[in-house]
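The structure under discussion appears below in the form of structure tokens.
Every number here is computed from the coordinates shown, using simple stated rules; none is lab data. Just so you know, these numbers come straight off a predicted model, no measurement behind them. Glycine also receives a Cβ, built like all others from the backbone with ideal geometry; neighbour counts cover every protein chain displayed.
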Amino acid sequence: IASRNGNFNQAQQLLERAILIQTTVLGVDHPELATTYNLLGNIFLAQQKVQDAYKMQNLCISIREKRLNPKHPDMGIALIDRARAEQMSDDWKNFETDFRRGMQILTETLGPEHPVTKRSLASVRRFS
């Protein structure tokens, strides 16, 4: 809610607090912690803090690679989000790799017409 209202600082503080709690309660490689890293990365992207976003997306992907099936839709979402950070920093080589892999996962697991697949594609186009 805080991020939807444009209060990115409050959203960042809440997510950082959630990370501390989740790390303590769930452990350092829990999939829910990966989701929180992903959310914080998206907050950083909205603030144009690309390097911070990239760091959070890498933490998210690292956990998801260990804990989820490589074709899990959450993996596709994380790759698309990292591709957005790469796009914003003109890292076109890595952007293309992550974008293609993320879209392939989402298209194969959810289908091309699924709202998540469409929203992921649109989120990258928004930065074009």
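Which residue fluctuates the most in the chain, going by a Gaussian network model with Cα springs under 10 Å, if the choices are 38, 58, 69?
Greatest mean-square fluctuation among the candidates belongs to 69.
Defining a contact as two alpha carbons under 8 Å apart and six or more residues distant in sequence, what relative contact order in percent does the stretch 70-123 show?
Numbers: 53 pairs, mean separation 21.1, N = 54.
Worked out over the stretch 70-123, it gives 39 percent.
Gaussian network model of the chain, Cα springs within a sub-10 Å range: biggest mean-square fluctuation belongs to which of 35, 23, 117?
Answer for the Gaussian network model of the chain: 23.
With each run of n ≥ 4 DSSP H residues scored as -39500 (n - 2.57), what mean residue ellipticity at 222 nm is computed for the chain after dividing by its residue count and rounding to the nearest 500 deg cm²/dmol? Walk me through the numbers on the way to the answer.
Working: 6 runs with 98 residues, N = 128.
One gets -25500 deg cm²/dmol as the mean residue ellipticity at 222 nm.
Give the Cα extents of the stretch 85-124 along the principal axes, in whole Å, largest first.
Principal extents (Cα only, largest first): 28, 15, 9 Å.
Tell me the GluC sites (Glu not before Pro) within the stretch 55-128 that lie in a loop according to DSSP and have at most 15 other beta-carbon atoms within 10 Å. Don't skip to the end; give the middle numbers.
Working: sites: 65, 86, 96, 108, 113; in loops: 113.
Sites meeting the loop and neighbour criteria: 113.
How big is D for the chain, in µm² s⁻¹ as a whole number, if Stokes-Einstein is applied with the Kirkwood radius of its Cα pairs at 4 °C and 1.567 mPa s?
Details: Rh = 14.7 Å.
Result for D is 88 µm²/s.
Add +1 for every Lys or Arg and -1 for every Asp or Glu among the other residues with Cβ under 12 Å from the Cβ of residue 40, and state the total. Walk me through the numbers before you get to the answer.
Numbers: positive: 17, 49, 55; negative: 16, 52, 81.
Cβ neighbours under 12 Å give a net charge of 0.
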